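The structure appears below as structure tokens.
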Amino acid sequence: MTSKKSFPKFVKFTLKKQIWLPLLYFVILFFACCVPLLIQLQDRGISTLPDSMIADIISRYFTNSFHVLTVLMPLFALFSSIAAFSYLQSRPQVDLYHSLPAKRTELFWNSYFSGILYFLLPFAAMELIAFIIIASCGHISLVSFGSAITSIGMSLLYYFVFFSVCSLAGILSGKKIVHAVLSVFILIFPMALYLLYEFYMEHFFLHFIDIDFWTRLKYLCPVVNQGYFEKTAGNVLYLLAIAVICTVLAVLLYRRRKSEQAGSIIVFQPFASVLKFACVLLATLAFGAFFSLVGDNTPRDAGFWMYFGLVSGAVLSHLVIEVIYQMDIKAIFRNVKSLAVYAVIFFACFLSFFAFDLTKYDAFLPDAEEVKAASISFENLENYESNENAMTKEYRRLRDSKYEAPEQKQAIINIAKAGIDAHSEGGYSYHDVYTLQYTVRYTMNNGRTVTRRYYGTETREIEKDFAVLYDSQTYKDVTYRPIQEVMSYTGFNIIDGPSGADLAKDINSSQLLPALYQDLMNSKFSDIAGKQPKYILNLSEQGNGRRYYYDIGYPVYDSFHNTLAVLEQYDLGGGMENVSSISVNLDSNQFADDERRSYAEPSITITDADTIASIYRAGMMSCLYKNSVNGFCYDYQLYFDCSVSYHNGNTKSPAYFSPEAVRIIKEKASQQ
């Protein structure tokens, strides 16, 4: 039995035995991290940068966004664990170690701490050199030592996690190659299973959406989590939990590991069975997904090739694993009964949940009394955040738009039902400009959240329910909040709402957005439904060449008195005076066959100012803004072969027209 004084000597002896490994790590870290930092700080252009940008370069060095530790650290942890526990894979060496006057626990901690030091020593040297480089370049005052120390601590924590997982894999395996493969498998298995689950959900269910995909993914795989490098207390506790659990399991299993198991594929037989069917499950789903893609099955249709892949993956993986476990090709057909039991259980679950949808996933529609709060985000309606990532915008809207009033919850449920009905009637279309796409999230009374996405709902089907939401303060706060973020902006392009003609460019006014925001916050659904905007406001290009909210447009309706009062000081003119002609292809599918045959010419070009004014007044809207500004002008018809020309030579195509405007065009066509 070793004394407490002999334990450090034991660790020191182990380090000397593998001294080449930390030296190799140091060389790699020096060239991968320190040298790039020195190159950046000695760049000729560094002197022209403000201190804030130099401080950002230094800050990024201490996180994984700057150097390659995101890739290197899992590899270092794997190699360190193999080196630290390599004796377990050799029968003579394990007999030698177990004959030493030391407890099993002491032998484990000797190897464990040695593996930690393999990385800790070169990593500490690298960080010390980094501080010397920063100081020699005269930028030490720009270092945020608190942030740097926190980042260094996070890097060590990630290594602790990876090394603990790889050490556990080493205790469970009896060969180095199995040790390496099993380490990778344990790290990626939850993530791989989750990705396959996402594939099958998207394949079978029309209304499936996982708005929390990336949040869940980073907590299923430490490697992905490291890419985020979050320093939050919750993330630190999550990482510590993984490391501590794996370490405790490793030390407990190490004490029970038998010396004669060295050289085996998997040391503990109960785990071997669990591992086998985990591999079979992953292979089953992976083969099914692969052959589904190769066979080009349509969404929500399993098809022959998917089932072919599922069966092939299960059978082949089971046969291969049996051969590997026994190291004998004759064992290929062993344990066939267990494969049959697995197949029955798997396909019973797969068919019940995915193929036959016995849980009624797509048809889910709760009662209002079961819902604590409901949220909704429209993908193609009133989008004022063109610079915001689509997923971020949707997540923000679902998070912030909590409708709790009974009539609001019922309105959202009705809107969701319209989405279900649109699918059941076969009416959904990704490119149908008359329909909406939206996501609904329910927070149930028991705390569970349920999210569904719907396509192809006609705006006229949800108008009454949408009005309930639009007239609420919650809708205004969530939808129009982005306007507050640019409230101080003063440069605008003014566009005619009906025709899309440019009326004025680069108007500078600090009063426009505050006035518009006030009008939008005070507006009612009846003020905008079916109305064409009088003007469209676009933020013009900034001095640095970036364009904000481009091609989205802020609508100005006749009821927006505050905004119109500000615009009155500019000589904007009328849109119809700028239109020189309206051309319509009479062969368009919008015309019935008998109508097309009755026209003398295949197209018509209207240049008469009075007729143009009549069309303009009847209702015309630029297609650029129909969905983004007001999706409830559903009576406006789209002519795919139509163009509006202006006196300045510009052409807008296509355009939307009201039924009355269409009648005027047809009447004019019949007269030519």
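Quick look at the values:
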read-out: Value in Å of the Kirkwood radius, where segment 6-164 supplies the Cα pairs that are averaged; value: 17.3
read-out: Area accessible to solvent at residue 369, 1.4 Å probe radius, in Å²; value: 150
read-out: Cα gyration tensor of segment 115-185 - equivalent ellipsoid semi-axes, whole Å, descending; value: 35, 12, 8
read-out: Sequence of 612, 420 when ordered by accessible area, the most exposed leading, probe 1.4 angstrom; value: 420, 612
read-out: Solvent-accessible area of residue 109 with every protein chain in place, 1.4 Å probe, in Å² to the nearest 10; value: 80
read-out: Solvent exposure ordering (accessible area, 1.4 Å, most first) of 457, 443; value: 443, 457
read-out: Across 476/505; 231/476; 409/524; 402/531; 103/330; 417/476, pairs whose alpha-carbon gap is larger than 30 Å; value: 231/476; 103/330
read-out: Of all accessible heavy-atom area on segment 47-116, the percent that carbon and sulfur account for (1.4 Å); value: 66
read-out: Paired Rg and Dmax values of segment 228-346, which use every Cα atom, in angstrom; value: 19.3, 54
read-out: Area of residue 658 that stays accessible when all protein chains are in place (1.4 Å probe, Å², to 10); value: 10
read-out: Long-range HN-HN contacts of residue 372 with modeled amide H, under 5 Å; value: 443, 444, 445
read-out: Pairs of Cα atoms farther than 23 Å apart, segment 128-248, %; value: 49
read-out: Globularity ratio of segment 317-368, using Cα Rg and 2.2 N^0.38 Å; value: 1.85
read-out: Built amide H within the under 5 Å cut-off of residue 504, gap 5+; value: 494
read-out: Computed over segment 191-241, the ratio Rg/Rh where both radii use C-alpha atoms and Rh is Kirkwood; value: 1.08
read-out: More than 15 angstrom apart: percent of Cα pairs within segment 471-520; value: 55
read-out: Exposure ranking of 207, 139, 561, 423 by accessible area [1.4 Å probe, largest first]; value: 561, 423, 139, 207
read-out: Other-chain or far-sequence residues with amide H under 5 Å of residue 471's (modelled H); value: 525
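The values are calculated or read from the model by the stated rules, or taken from the named source; none is laboratory data. Keep in mind the model is a prediction, meaning the values are calculated, not measured. Remember, those area values only see protein heavy atoms, side chains included, never the ligands or the DNA or RNA. Shrake-Rupley method; radii C 1.70, N 1.55, O 1.52, S 1.80 Å.
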